[in-house]
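Accompanying notes for the structure given below.
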Amino acid sequence: MHAVLTGDADLARESPTESVSYFVDQVDGTRSEPLPGTTAVVACWGDTAAVERDPTRAAVSVDGTRATPDAEGHHWGTVCPTDEAYRGQLLDRIATVGANGDVRLTTVGFPGHEFCHCERCDDQFAASDHHDRAGWRASVLTDFVADTADRVGGDLSVTLYPDPYPGASRARTGLDPAALEPHVDEFVVPLCGNYETPYWVETLARGFGTELSGLDTSISVQLSVDGTDVDRLHDVTRMVEPHCDRIVYGTFPEDVDTVEAVLDRQRANDAVVQAYGRMRARNP
Ligand SMILES: [Zn+2]
């Protein structure tokens, strides 16, 4: 299975893939109307516009760093996940775009293991039953994802941070795949780059395949198309395929020819494999 991920409505309508994921809420704060028949991709706490309007809403680390685009290691602003007003608006938005279809959540979670130490988070952790902060953070995120699942008519996908080391997702973002399993249909792992040296893509895909293998959820790997030629993207696709159920190509309109060429090669390979299988069946 293959999908295209895009923010371009024309490409979303004319994609050469079986399924399409379409950005309706992006991390810069851009909003678009959902397109019927596509998965609505919603940036959750990644919202630079909201943080620029009110910097005090940004998650804050133990040393006082705010999760804003100009902070080292942050490419967008991230609202604190215990901001109740923001959480309520986010759930309403997910209910609107997901009433009749599939939804994929991105930037869902705390923006790093050192977040969030705002006064509200400190108070909520102190008042909780949890003895360790990581457990409390995971409970915040599991409750949120469970609430989104109640509002989505189709399948719910959750994007994970691309670190398959056991326990890393929970420690980094608060997303605990095992705890989320009852609410989630699919985990999506973005492995984006230019793939000049692609061994790491196979390594990470294999790691996620192993780490999530005991869960009753499907796995998608997201690859980026921009800056990668057909030969290389085809190679990377073949490296990743054994470890996931679906490949999602992050695609700009000018890259769609590359995706089509890779899919053509896949179909040609599949035809050769099937012909060989038929020949072996006739001549065992
Ligand atoms: Zn906070």
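Relative to the longest principal axis of the C-alpha atoms of the chain, give the angle of the C-alpha long axis of helix 133-149, reported between 0 and 90° and rounded to the nearest 10°.
The angle comes out at about 60 degrees.
Taking only the C-alpha atoms, wrap a convex hull around the chain and report its volume per residue in Å³ as a whole number. Provide the component values of the computation, followed by the final result.
On the way: hull volume 42.3 nm³, N = 284.
Measuring per residue, one finds 149 Å³ for the Cα hull of the chain.
How far apart, in nanometres, would the label points at Arg31 and Trp200 be if each is projected 7 angstrom from Cα along the Cα-to-Cβ direction?
3.6 nm
Multiply the residue gap between Tyr276 and Asp150 by 0.36 nm, knock off their C-alpha separation, and tell me the result in nm, one decimal place. Write down the numbers at each step before the final one.
Working: separation 126, 0.36 × 126 = 45.36 nm, distance 4.65 nm.
That pair, Tyr276 and Asp150, stretches by 40.7 nm at full extension.
Note down the net charge around Ala59, summing +1 for each Lys or Arg and -1 for each Asp or Glu among other residues with Cβ under 12 Å from its Cβ.
Numbers: positive: Arg57, Arg66, Arg120, Arg137; negative: Asp47, Asp83, Glu114.
Result for the local shell: +1.
Given contacts defined as C-alpha pairs under 8 Å and at least six residues apart, what's the relative contact order of segment 2-282, whole-number percent? Each step should come with its number before you reach the end.
Working: 516 pairs, mean separation 43.6, N = 281.
Normalised by residue count, the contact order of segment 2-282 is 16 percent.
Where does helix 256-282 land angle-wise versus the long Cα axis of the chain, in degrees 0 to 90, nearest 10?
With both axes taken from Cα atoms, the answer is about 50 degrees.
Place the peptides 237-247, 220-230 in order of packing, highest mean first, counting for every residue the other Cβ atoms within 10 Å and averaging per peptide.
Numbers: 237-247: 18.5, 220-230: 20.0.
Per-residue Cβ counts within 10 Å, averaged per peptide and sorted highest first, yield 220-230, 237-247.
If packing is taken as the mean number of other Cβ atoms within 10 Å per residue, what is the order of 270-276, 58-64, highest first? Don't skip to the answer; put the middle values down first.
Values: 270-276: 10.0, 58-64: 16.9.
Top of the packing list down: 58-64, 270-276.
Give me the angle, in degrees from 0 to 90, between the Cα long axis of helix 199-211 and the longest principal axis of the Cα atoms of the chain, rounded to the nearest 10.
On a 0 to 90 degree scale, this one is about 70.
With the crude spin-label approximation of a point 7 Å out along Cα→Cβ, what separation in nm comes out for Ala168 versus Gln266?
Result for the modelled spin labels: 2.5 nm.
How do Glu33, Glu202, Glu260 stack up against each other in accessible area, from largest to smallest, with a 1.4 angstrom probe?
Values: Glu33 140, Glu202 40, Glu260 80 Å².
Order by accessible area, largest first: Glu33, Glu260, Glu202.
Restricting the calculation to Cα positions, tell me the Rg (one decimal) and the Dmax (whole number) of segment 179-284 in Å.
15.8, 49
The values are calculated or read from the model by the stated rules, or taken from the named source; none is laboratory data. Please read these numbers as outputs of a predicted model, since none were measured by experiment. Every residue, glycine among them, receives a Cβ derived from its backbone with ideal geometry; neighbour counts consider all protein chains shown. Areas reflect the complete protein model, heavy atoms only, side chains present, ligands, DNA and RNA absent. Shrake-Rupley method; radii C 1.70, N 1.55, O 1.52, S 1.80 Å.
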